[in-house]
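In what follows, a single structure is set out as C-alpha cells and then discussed.
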Amino acid sequence: MSSQPKDFTPVSTRLTVLSVVLLLAMALSAQHLIKSRYWNYYYPEVQVTNFGDIVLQTIPAQIKSFLAGIFRITADEYMHIGPTKKAKQNFVAGSFAGNTEIMSLLEISIILEPTNMEMYAVMSHNLALYLNRFKDAIKLLHRGIQANKESPDLHKLYGAAAYCYGFIKKPSFASPAEVKRNREIAVNYLDAAIEAYLANEHRITPYMHDDFANLQNYYVMKTRFLSDIGKKKEAIAAWQKVAYERQQESYLGYYITMLQQEEAGLPDFPDDLLAPEYQALFQVSTIKPPYGSTAAYRSWLVDPASLFYLTLYARGLGAPSLLMQDNHQHATLPSENKPFSELDEYGHNNTHAHQHDHPGHDHADEVCPQGHHHEHGHECPHCASAKSWKQAGTSVMLQALAMLAAAIIIRRFV
Amino acid sequence: MNISQIKSRISCIIAIAWYSFIEALRNRLFLGVFLLALPFAAAAWTVDTYQLGFQTRLVSDAGLTLISTLGLLVVLFFSLDQIIPDIERRTVYFIFTRMPSRHTYMIGRFFGIMATLFCLHIFLAGLLVTIIKLRTGAWFSEIPVAGLMIFLKQSLLVSIVMLLAACTSKIVTVSLSVLVYVVGHGLDIFRMLAEQGGNTIIAFLLDIAGIILPDFSLYETRIMVMHEIPAQTSALLILAFYTFTAIFFYLAIGGAILKHRDL
C-alpha cells in the first residue's frame, strides 16, 4: 500500500518548477553580466560592440559554424544560378561580381563566424569594386581585422584592403591624382599585410596557402603601386624581393627594367604597357568559366527542355551565342525567332548528327535509347535528368497504384 | 452502401473536420504560428545591411523555407491533438456512438487538419507573393505552385502522423513521424549508397521500404523556384494522384488499427 508524500501537491510542484526556472534565469543573467563586464577576458579576439555580440557568444561555436556554412553554401548556389529573370538584376551567373543576392547571406555568415577570412575578401571586393560601396567594404575589412587580430591569416584582410584601394581607381578611367592617392593608401595596407605575413610565417601551413593572398603577390602589388605613386627606388627595392621566376616574362618586370635603365620612353604607369593587350582582350573574350555543368540533381517536375536553359544559366553563359561556342550540339540555331525550337524533350537538338561535344565529354562508347552517344560509364547530365523524369514518373505511378490497391483491400477485408 | 449512407458518412466527416478546424483555429499555438510569420515578412524589408535593394531570390527561398517549417510545426503539434487526447479524455466514446465507423472519424480528423494547413499555406504563400509583387512588380507563379506542393507533402505527413497516433503514444508518434519524414527524403540516397557499397540485402530491404514509405523527395520545389522553371502539369497531376493514394493507404491502415484497438 503506497501513500503519496504529503508535500507532493500541485502547488509545491508548481513552486519547484518556478524555482528551477528562476535559478536558470539567474544563472543566464549572471553569465551574461560577467561576460559583458569582462568581455576582454572571455573574448580576446572578438569585437564586442553591443549586447547582440554577447548573446551570439552564448551559442555554441559548432552550431554557429554549421549555420554559417549553410549560408555560405546557399550564397554559392545563388551565385551559380545568377539573376532572377523577372527582376532587373545587374549581375551574371557564375560570378560573385555585383551579385546582390548573396550579400545578406554572407553578412549573416560572418556575423556567425567572424573568423572566416575568405568571406571578407569576397564581400569587400564585391562591395568596393562592383556595388559602389567602397566605404562599407573598408569598414567590413576593419571589422574583420578587429575580430582576427591574432589569426595567422590576418594578412589576407590587409591584402584585400590593399586590393580595394589599389584598384578602385584605374589609370584608364580615373585621373592620375586619384589613382595615386588611393594607391598610396594601398601601399600602407600592403606593408601591414607583409608585416602580418612575416610575423605569422611560422604558423602558416601549406593548407593555408592562398593563390592570391601570398607574400610574393604582395611584393608584386607593392612594386606596382610604388611605381604608380612615383616612388621608383622603393619600387625597385620591392621588386628585388619578388622571386626570380615571377620576374621573368612579366610586364611589370619589363617596366622595372626600363626604370632601372632610365629609358626615355618610360610610361607613367605600368598599365600603359598593356594598352594593346587590353584592347585585344576586350574585343574577343576567350575566358571560359572554370567549372563544369551542374550536377543532375533531382528535377523530375520540370520540363527537361528547360534544363537546357538551366545549364546555360548554371554555366554562367549569358548569351546563346556564347553557348554555341561552348556547347555545339545544343546551339545550332534553326531560326531567328525560335533559337531552340527543335530541341527534343531531353533538351537536345536532334535535327543534326547527334554527337556530344561538351568540353571534357567524349561520348563515343555508348548509345543511349534516345540515340545519344555516351562515354563509357558516364552520363550526360541532360540525359540523366530526362531519364530521372521517366523513371520517377513510372515508379511514382506504380507505387501509387500499389498503395491504392492495398488501401482498398484493407478497407474491404480488415 | 446506399446513397443515404454515403450522405450520412459525408455529413459526419464534414462535421468532424469542421470542429477539428475550429479547434485548431482557436488554439493559441496556431495564432502564434500566424503571428510568427509577420516579423519574418517584415524582415524582407529590413534585412538589407548594405541597402542593396530587395533580393527576390533570397526572399522567395527564405519564405518557402519558412512556409515549410511552420507547416511542419502545425502538422506535428495539431495532428497529435486530434486522436490521442480524444482517447485519453475518453471523449472518443461519445464520438464513436454517433459515427458509422472509426474510419469516418479518422478521415474527418484528417480533413480538419488539411483545412487548417490549407488556410496556413494560403495565408503565407499569399503574403509571400504579395510582398514580392509589391517590391519587384512581377508575379512569381512558381511560389503558389511550390506552396501547393508543400501542402500536398504535409498532407501526406498528416496521414502518417494520424496512422501512428492511432496505435502509439504521443512521444513515439512524434519520434516516428520525424524518422519517416527524414527517411522519406533520403531513401533514394540510402538505396544508392547501399548499392554502391555492394550491400545487396540492405538495398533489397530499402527497395521494399521504398514501396511502403512515402518518397518526400518527389516534392522538391527548389529547382523549380530557384531557377524559375515552371512545373509540368502532367508531373503535378501524377504527384497529386500519388499523394491522395498514399493518404488513402495510410488512413486505411490507421482506420483498421483504430477499429481493432481496444479502447
Subject >> One residue from A:Ala137, A:Ala162, A:Ala128, A:Ala174 being more than 14 Å from chain B (Cβ to nearest Cβ) and assigned to a helix (DSSP H, G or I) >> reply: A:Ala162
Original post:
Hey, among the residues in the stretch A:100-125 that are more than 13 Å from chain B (Cβ to nearest Cβ) and in a loop (DSSP other than H, G, I, E, B), which one's nearest to the chain's Cα centre (by Cα)?
Top reply: A:Asn116
Original post:
Conditions: (1) within 14 Å of another protein chain (Cβ to nearest Cβ); (2) out of contact with any Pro (no Cβ under 7 Å at 6 or more places or on another chain); (3) over 19 Å from B:Ile253 (Cβ atoms); (4) assigned to a helix (DSSP H, G or I). B:Ile107 meets all but one. Number of the miss?
Top reply: (3)
Original post:
If you go through the stretch A:80-138, how many residues are under 30 Å from B:Ile143 (Cα atoms) and small (Gly, Ala, Ser)?
Top reply: 9
Subject >> Every residue from the stretch A:161-177 that is over 18 Å from A:Ala97 (Cα atoms), of a type outside the set (A, V, I, L, M) and free of Cβ contacts under 8 Å to residues at least 60 places away in the same chain >> reply: A:Phe173, A:Ser175
Original post:
Just one of the numbered conditions (1) out of contact with any Ser or Thr (no Cβ under 6 Å at 6 or more places or on another chain); (2) farther than 20 Å from B:Val59 by Cα; (3) in a helix (DSSP H, G or I); (4) not basic (Lys, Arg) is not true of A:Ile54; which one?
Top reply: (1)
Original post:
Of the residues that make up the stretch B:219-233, is at least one loosely packed, with under 13 Cβ neighbours inside 10 Å and either at pLDDT below 90 or over 19 Å from the mean Cα position of the chain (by Cα) (or both)?
Top reply: yes
Original post:
Is it fair to say B:Ile160 is closer than 22 Å to A:Leu401 by Cβ, of a type in the set (Val, Ile, Thr), in contact with a Phe, Trp or Tyr (Cβ under 6 Å, 6 or more places away or on another chain) and buried (at least 20 other Cβ atoms within 10 Å of the Cβ)?
Top reply: yes
Original post:
Can you pull out the residues in the stretch B:40-90 that are within 30 Å of B:Met106 (Cβ to Cβ) and surrounded by fewer than 17 Cβ atoms within 10 Å (Cβ to Cβ)?
Top reply: B:Thr69, B:Leu73, B:Phe77, B:Pro85, B:Ile87, B:Glu88, B:Arg89, B:Arg90
**OP:** Working only within the stretch B:205-233, note down all residues that are more than 9 Å from chain A (Cβ to nearest Cβ), under 24 Å from B:Tyr250 (Cα atoms), among the aliphatic types (A, V, I, L, M) and assigned to a helix (DSSP H, G or I).
**Re:** B:Leu205, B:Leu206, B:Ile208, B:Ala209
Original post:
If you check every pair at least six apart or on different chains, which have Cβ atoms under 8 Å apart with a residue in the stretch B:235-263 that is in contact (Cβ under 8 Å) with a residue 60 or more places away in the chain and more than 8 Å from chain A (Cβ to nearest Cβ) first and a residue that is surrounded by 23 or more Cβ atoms within 10 Å (Cβ to Cβ) and among the charged types (D, E, K, R) second?
Top reply: B:Thr243/B:Lys153
**OP:** Count, please, the residues in the stretch A:63-91 that happen to be assigned to a loop (DSSP other than H, G, I, E, B), under 19 Å from B:Met224 (Cα atoms) and more than 9 Å from chain B (Cβ to nearest Cβ).
**Re:** 1
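Does B:Leu157 count as modelled with pLDDT of 90 or more, part of a helix (DSSP H, G or I) and either out of contact with any Leu (no Cβ under 7 Å at 6 or more places or on another chain) or at positive phi (or both)?
When the stated conditions are applied, B:Leu157 passes them.
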**OP:** Answer yes or no: is there a residue in the stretch B:8-31 that is buried (at least 17 other Cβ atoms within 10 Å of the Cβ) and within 14 Å of another protein chain (Cβ to nearest Cβ).
**Re:** yes
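The values are calculated or read from the model by the stated rules, or taken from the named source; none is laboratory data. The shown structure was predicted, so the numbers you read here are calculated from the model rather than taken from an experiment. Don't worry about glycine lacking a Cβ; one is built from the backbone with ideal geometry, like all the others, and counts go over all protein chains shown.
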